[in-house]
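Right, one structure below, let's go through it.
The values are calculated or read from the model by the stated rules, or taken from the named source; none is laboratory data. Given the structure is predicted, the values throughout are model-derived calculations rather than measurements. Heads up, the Cβs are rebuilt from the backbone with ideal geometry, glycines too, and the neighbour counts pull from every protein chain shown.
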Amino acid sequence: MTEPNLIDEAADEAVTLTSELIRIDSTNTGDPATLTGEREAAEYVAGKLTEVGYEITYVESGGKNRHNVIARLAGADPGRGALLVHGHLDVVPADASEWSVHPFSGAVQDGYVWGRGAVDMKDMLGMSLALARHYKRHGIVPPRDIIFAFLADEEAGGQYGAQWLVDNRPELFEGATEAVSEVGGFSITLRDGVRAYLIETAEKGIRWMTLRVRGTAGHGSMLHRDNAVTTLSEAVARLGNHRFPLVLTDSVREFLAGVTEITGWDFPEDDLEGSVAKLGNISRMIGATLRDTANPTMLKAGYKANVIPSVAEATVDCRILPGRVEAFNRELDEILGPDIEKEWLELPPVETTFDGALVDAMSAAVVAEDPGSRTLPYMLSGGTDAKAFSKLGIRNFGFAPLRLPEDLDFSALFHGVDERVPVEALRFGTRVLDRFFRNS
């Protein structure tokens, strides 16, 4: 085991690195004309790795300022499958006028590190970068190779990051059999103060869909029965108001069974959504894994008040449960009808089981730092770069451990205003990841 004072140094550095990464604006709007890009953040990470002796691979993936950094730490047994530890450098936009602190300040105050990316996901980058540096500085050799990957473009589907690398540079991940990344390992507090740490074993599929209607252009003062805006609006309203059927996947069943074991709470299927509400703030995330969703997010049509446009478009964010893609498509066709054009970017659902040596190592690392706690599997309602790495046959988990205050609405921080991560949670997570990396 690493001497306590040394791992405490790494934990302190994780806080500093997280703050410094947040100060680097790596905003990804999804639009090449307006995004900032990951170049500065990638150069920062590359510098921190080479400073302690890593040989890095620095990959420009074709877009302006779209950069990725990969480094491999050799393990004691090169014949074992490598562990991939990946995270994204980009963040979603933030409006500074809405925040208590500037979103790119990286301020460390009131027990938190503040700023865009604090939990999505420069906290995990800070922890893993601190440990990568710690191991190199002190000659610590993990049981197997660890591949550290700092990636671009996750917030827009990974076309310049994980997806591009898997399609064009798969050799960078040679030998990797398992991976860990974001939105897992965080704590929720259940009955009698018992903490459960949720490890992501599944995530819904993503479909970012454009709906398009073509009509007849004309003067706004005339009668029009072929108005593209009207036809599109009616279709979008039908889809936005539709309730897809409730479906209990294996991951959700196992999560609810674990909560029942800990708390005694029942989750009857005839009132599942009502009973899930007992979970408090996390119920929004868990509730979204009970059914498919299709949420309209953007509308675009016209260019002048008195002109009927010939084309109207809408953007819809669809999230689809594992095993539900074909059924979802059938319902979509029934709701929208034949006159609506559809095109989309789609990333598939991902799911694995909550078992095996890696899960045992995650659970043991958590319990060692928080005795009496439990680990439970859960499904993420969003998506991660795991969707890309699953194409390489890699088994994926969300495990960025954080011990959180009971009253913190953690799920609301993702893409939210005043995003922040507790300083002590970062220190805790660094210690947990250290145990995990050296025993997995």
message: Being at pLDDT 95 or above, surrounded by 21 or more Cβ atoms within 10 Å (Cβ to Cβ) and in a loop (DSSP other than H, G, I, E, B): is that true of Ala94 here?
response: yes
- request: Taking only the range 55-91 into account, find how many residues are touching a Lys or Arg at 6+ places or on another chain (Cβ under 6 Å) and in a loop (DSSP other than H, G, I, E, B).
  value: 4
- request: Would you mind finding the one in Asp77, Asp25 that is more than 22 Å from Gly115 (Cα to Cα), touching a residue at least 40 places away in the same chain (Cβ under 8 Å) and of a type in the set (D, E, K, R)?
  value: Asp77
message: Of everything in the range 160-205, what is farther than 18 Å from Ile147 by Cα and of a type in the set (Gly, Ala, Ser)? Give them in sequence order.
response: Gly184, Gly185, Ser187, Gly193, Ala196, Ala202, Gly205
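Every residue, every condition in (1) closer than 14 Å to Phe437 by Cα; (2) within 22 Å of the chain's Cα centre (by Cα); (3) among the charged types (D, E, K, R), yes or no:
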{"residue": "Gly126", "(1), (2), (3)": "no, yes, no"}
{"residue": "Ala130", "(1), (2), (3)": "yes, yes, no"}
{"residue": "His134", "(1), (2), (3)": "yes, no, no"}
{"residue": "Pro142", "(1), (2), (3)": "yes, no, no"}
{"residue": "Glu174", "(1), (2), (3)": "no, no, yes"}
- prompt: How many residues are aliphatic (A, V, I, L, M), crowded, with 23+ Cβ neighbours inside 10 Å, out of contact with any helix residue (DSSP H, G or I) (no Cβ under 6 Å at 6 or more places or on another chain) and within 18 Å of Asp25 (Cβ to Cβ) if we restrict to the range 38-88?
  reply: 3
- prompt: Hey, any hits in the range 165-175 for a residue that's of a type in the set (Gly, Ala, Ser) and either assigned by TED's automatic domain parsing to the domain that holds Glu343 or closer than 19 Å to Val59 by Cα (or both)?
  reply: no
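Return yes when Thr216 is in the same structural domain as Glu261 (by TED's automatic domain parsing) and among the hydroxyl-bearing types (Ser, Thr, Tyr) and no when it is not. Lay out the reasoning, then the answer.
Working: in the same structural domain as Glu261 (by TED's automatic domain parsing): yes; among the hydroxyl-bearing types (Ser, Thr, Tyr): yes.
Against the criterion (in the same structural domain as Glu261 (by TED's automatic domain parsing) and among the hydroxyl-bearing types (Ser, Thr, Tyr)), Thr216 qualifies.
Tell me, which residue of the range 12-39 that is of a type in the set (S, T, N, Q) and in contact with a Leu (Cβ under 9 Å, 6 or more places away or on another chain) is nearest to Ala130 (Cα to Cα)?
Per the stated criteria, the residue is Thr18.
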- line: Within the range 9-33, restricting to residues that are more than 14 Å from Leu89 (Cα to Cα), surrounded by fewer than 19 Cβ atoms within 10 Å (Cβ to Cβ) and modelled with pLDDT of 95 or more, the one that is nearest to the chain's Cα centre (by Cα) is Thr16
query: What is the one condition in (1) at pLDDT below 95; (2) touching a strand residue (DSSP E or B) at 6+ places or on another chain (Cβ under 6 Å); (3) within 23 Å of Ala235 (Cβ to Cβ) that Pro338 does not satisfy?
result: (2)
query: Are any of the residues in the range 192-203 crowded, with 20+ Cβ neighbours inside 10 Å, not assigned by TED's automatic domain parsing to the domain that holds Ala386, not in a strand (DSSP E or B) and not hydrophobic (A, V, I, L, M, F, W, C)?
result: no
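Mind listing whichever residues of the range 275-298 are in a loop (DSSP other than H, G, I, E, B) and of a type in the set (Val, Ile, Thr)? Break it down stepwise before answering.
Taking the range 275-298 first, the residues in a loop (DSSP other than H, G, I, E, B) are 288-292.
Across the range 275-298, the qualifying residue is only Thr289.
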statement: Counting only residues that are of a type in the set (A, V, I, L, M), surrounded by 14 or more Cβ atoms within 10 Å (Cβ to Cβ) and in contact (Cβ under 8 Å) with a residue 24 or more places away in the chain, the range 229-257 contains a total of 8
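Within the range 258-270, does at least one residue satisfy the condition of being aromatic (Phe, Trp, Tyr) and surrounded by 13 or more Cβ atoms within 10 Å (Cβ to Cβ)? Even if it seems obvious, please write down each step before you answer.
Within the range 258-270, the first condition is being aromatic (Phe, Trp, Tyr), and the residues that meet it are 265, 267.
Imposing the further condition that a residue be surrounded by 13 or more Cβ atoms within 10 Å (Cβ to Cβ) reduces the set to 265, 267.
Scanning the range 258-270 turns up at least one residue that is aromatic (Phe, Trp, Tyr) and surrounded by 13 or more Cβ atoms within 10 Å (Cβ to Cβ).
Let's see how each residue does on (1) polar (S, T, N, Q); (2) within 29 Å of Ser275 (Cβ to Cβ); (3) more than 24 Å from the chain's Cα centre (by Cα):
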| site | (1), (2), (3) |
| --- | --- |
| Thr289 | yes, yes, no |
| Ala305 | no, no, yes |
| Ala327 | no, yes, yes |
| Glu331 | no, yes, yes |
| Pro338 | no, no, yes |
| Thr353 | yes, yes, no |
| Asp360 | no, no, no |
| Ser363 | yes, yes, no |
| Gly372 | no, yes, yes |
message: Suppose we filter the range 113-139 for residues that are assigned to a helix (DSSP H, G or I), closer than 30 Å to Ser97 by Cα and hydrophobic (A, V, I, L, M, F, W, C); how many remain?
response: 3
field: All positions within the range 204-224 that are over 27 Å from Lys278 (Cα atoms), part of a loop (DSSP other than H, G, I, E, B) and in contact with a strand residue (DSSP E or B) (Cβ under 9 Å, 6 or more places away or on another chain)
entry: Gly215, Thr216, Ala217, Gly220, Met222, His224
field: Criterion (in contact with a strand residue (DSSP E or B) (Cβ under 9 Å, 6 or more places away or on another chain) and closer than 25 Å to Phe399 by Cα) met by exactly one of Arg39, Arg72
entry: Arg72
message: Contact list please: Cβ distance under 7 Å, first residue in the range 258-274 and without any contact (Cβ under 8 Å) to a residue 12 or more places away in the chain and part of a loop (DSSP other than H, G, I, E, B), second residue of a type outside the set (Asp, Glu) and surrounded by 15 or more Cβ atoms within 10 Å (Cβ to Cβ), pairs at least six apart or on different chains.
response: Asp266/Ser275; Phe267/Leu256; Phe267/Ser275; Phe267/Val276; Pro268/Ser275
